[in-house]
Amino acid sequence: MVLLHSAAGADWQSPPKGTSLKTLSEAEEQGFILIRGEFQKRQFRLTELGCEYVERDKRRLDARRL
C-alpha cells in the first residue's frame with residue numbers, strides 16, 4: 001500500500017528507499033504496477049488498476065477524516 005501511495009502518477013519512477021524486491025513482485029503479480037530495469041536501476045509505474053486503486057483508497061481515507 002505504501003508503495004502505491006508513494007507513486008507520483010503513472011510515470012516510470014524509482015521505488016522508495018527500503019522497498020524490497022518481494023514488495024515490488026507482489027504488487028506486480030496483483031496487477032498494480034509494472035517493473036523495468038534490474039538491481040539499482042529498477043523502476044516501477046502504476047497500471048490503470050493501480051491508479052484506480054490508489055484513487056479509491058485516497059477517497060476512502062478522506063471520507064474517514066470528515
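Under the definition of Cα pairs under 8 Å and six or more residues apart, what whole-number percent is the relative contact order of the chain? Spell out each step's value before the answer.
Details: 66 pairs, mean separation 22.0, N = 66.
For the chain, the relative contact order is 33 percent.
When the chain is modelled as a GNM with alpha-carbon springs shorter than 10 Å, which of Leu49, Leu34, Leu24 fluctuates the most?
The residue with the greatest mean-square fluctuation here is Leu49.
Considering the chain as a Gaussian network with a 10 Å cut-off on Cα pairs, which listed residue, Gly37, Gly50, Gly18, attains the greatest mean-square fluctuation?
Comparing Gly37, Gly50, Gly18 in a Gaussian network model of the chain, the most mobile one is Gly18.
Kirkwood Rh over Cα pairs of the chain into Stokes-Einstein at 10 °C, 1.306 mPa s: D in µm²/s? Walk me through the numbers before you get to the answer.
Numbers: Rh = 12.2 Å.
Reported coefficient: 130 µm²/s.
Between Phe39 and Glu26, what is the spin-label point distance in nm, taking each point 7 Å from the Cα along the Cα→C-beta axis?
Taking the two extended label points, one gets 2.6 nm.
Roughly how much of Ser20 is accessible, in Å² to the nearest 10, using a 1.4 Å probe?
Taking all protein chains as shown, Ser20 has close to 50 Å².
Ranked by accessible surface with a 1.4 Å probe, highest first, in what order do Lys41, Lys17, Lys58, Lys22 come?
Values: Lys41 165, Lys17 200, Lys58 85, Lys22 140 Å².
Accessible-area ranking of Lys41, Lys17, Lys58, Lys22, largest first: Lys17, Lys41, Lys22, Lys58.
Please list, by residue number, everything in the range 31-66 whose backbone N is under 19 Å from a paramagnetic label point 7 Å out along Cα→Cβ of Ser14.
Answer for this model: 34-46.
For the chain, take the longest principal axis of its alpha carbons; what is the angle in degrees between that and the long axis of helix 48-65, to the nearest 10 within 0 to 90?
40
Sorted by accessible area (1.4 Å probe), largest first, how do Val2, Val54 line up? Don't skip to the answer; put the middle values down first.
Working: Val2 115, Val54 10 Å².
Descending accessible area places them as Val2, Val54.
The values are calculated or read from the model by the stated rules, or taken from the named source; none is laboratory data. Small disclaimer: the values here were computed from a predicted structure and weren't measured. Glycine also receives a Cβ, built like all others from the backbone with ideal geometry; neighbour counts cover every protein chain displayed. Note: areas computed on protein heavy atoms with side chains; ligands, DNA, RNA excluded. Shrake-Rupley method; radii C 1.70, N 1.55, O 1.52, S 1.80 Å.
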